[in-house]
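Colleague: Here it is: the structure, laid out below.
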Amino acid sequence: MFSGMMFNIAKTHMETTKLWRIVKKMPKGTLLHCHLGAMVDLEWVFNEAISTPGICISATAPLNSKEAYESISVEFKHCSTSIADGASIWSSEYIGGTLVPVALAASTFKNKGKAGFIDWMKDRCSITQAESLQHHLGVDDVWRKLQGGFTILGPIIYYEPIMRAFLWKFFETLLEDGVKWVEIRAVFSTPFTRQGADSPTEDSTALIGVINEVVEKFKASNDFWGVRLIWTTMRFRETAHVVQGISAP
């Protein structure tokens, strides 16, 4: 875990080397066993959340201080009904749990508006350069940060319009890097919400259908072989599943 985090230090230098430029241009063919939740471009996903109608943000308490920005839990959710005017999520008058349109929250962020909001969210959802060096805090601290990021990102990515756009962008990125077949590992613990709905689906059937539709549509217009989906679970749950192939070559 910690050796992987040290990659943050070397990454900038590695990407300037001749060897990196050679490797980047080489055909890759396949990407095996990648985690779906880790394939997200954070800059893209929060811009997508802001521009998608109905996506709202809530916090367990007012986000009115630097300490609050770092510690208070936030959550995203789609809400099809209009949100009544209320106190700003950045003010002490905000009532915890109240949904606020994310576009409004971003535009009124006190430090650089939308750009500052996205930077703040990216910081909440990734291991920062400073955190990658704090080995003395232990593995549990790392997992707490990662879990907090997944909790924020999940409801955004698993909203149907964003999931479709995310998968398409992901596949485009793979092709740009010479990858034509991908093996995706996912737990699917985050409920999937259909477009326009306020409540998630009861199971993952709709999600699997959406993934298959995007894969087939992308294959129809690109030289892309397909996807194998490893549908797994956490050890504390009772069952695990492997879906051998959503779309074979």
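The values are calculated or read from the model by the stated rules, or taken from the named source; none is laboratory data. Since the model is a prediction, treat every value here as computed from it, not as a measurement. Glycine also receives a Cβ, built like all others from the backbone with ideal geometry; neighbour counts cover every protein chain displayed.
Colleague: How about region 213-245: which of its residues are modelled with pLDDT of 90 or more, within 21 Å of the chain's Cα centre (by Cα) and exposed (fewer than 15 other Cβ atoms within 10 Å of the Cβ)?
Modeller: Within region 213-245, Glu213 is the sole residue that qualifies.
Colleague: Taking region 54-68 as the search range and keeping residues that are over 16 Å from the mean Cα position of the chain (by Cα) and not aliphatic (A, V, I, L, M), which one is nearest to Gly196 (Cα to Cα)?
Modeller: Gly54
Colleague: Within region 69-106, count every residue that is more than 21 Å from the chain's Cα centre (by Cα) and among the small types (Gly, Ala, Ser).
Modeller: 10
Colleague: Follow-up. Can you confirm whether region 3-19 contains a residue that is touching a residue at least 24 places away in the same chain (Cβ under 8 Å), over 21 Å from the mean Cα position of the chain (by Cα) and either farther than 18 Å from Pro155 by Cα or not assigned by TED's automatic domain parsing to the domain that holds Leu167 (or both)?
Modeller: The answer is yes; a qualifying residue exists.
Colleague: Another question about this same structure. I'd like the residue in region 99-129 that is among the charged types (D, E, K, R) and not in a helix (DSSP H, G or I) and, out of all such residues, is surrounded by the most Cβ atoms within 10 Å (Cβ to Cβ).
Modeller: Residue satisfying both the conditions and the ranking: Lys110.
Colleague: Any chance region 27-41 includes a residue that's basic (Lys, Arg), free of Cβ contacts under 8 Å to residues at least 60 places away in the same chain and surrounded by fewer than 17 Cβ atoms within 10 Å (Cβ to Cβ)?
Modeller: No, region 27-41 has no match at all.
Colleague: Of the conditions (1) part of a helix (DSSP H, G or I); (2) at pLDDT 95 or above; (3) surrounded by 15 or more Cβ atoms within 10 Å (Cβ to Cβ), Trp90 clears all except one; give me its number.
Modeller: (1)
Colleague: Residues being hydroxyl-bearing (Ser, Thr, Tyr) and buried (at least 17 other Cβ atoms within 10 Å of the Cβ): count how many of those fall in region 44-55.
Modeller: Going through region 44-55 one residue at a time, the tally reaches 1.
Colleague: Which of (1) closer than 16 Å to Ile156 by Cβ; (2) of a type outside the set (Ser, Thr, Tyr); (3) not in a loop (DSSP other than H, G, I, E, B) does Ile230 not meet, given it meets every other one?
Modeller: Of (1) closer than 16 Å to Ile156 by Cβ; (2) of a type outside the set (Ser, Thr, Tyr); (3) not in a loop (DSSP other than H, G, I, E, B), only one is false for Ile230: (1).
Colleague: Any idea how many residues of region 56-87 are among the hydroxyl-bearing types (Ser, Thr, Tyr), surrounded by 12 or more Cβ atoms within 10 Å (Cβ to Cβ) and assigned to a loop (DSSP other than H, G, I, E, B)?
Modeller: 3
Colleague: Just the residues that are assigned to a strand (DSSP E or B) and at pLDDT 95 or above, please, taken from region 27-55.
Modeller: Correct list: Ile55 only.
Colleague: While we're here: Return the total of residues in region 160-181 being outside any helix (DSSP H, G or I) and either among the charged types (D, E, K, R) or in the same structural domain as Ala49 (by TED's automatic domain parsing) (or both).
Modeller: Total meeting the criteria: 2.
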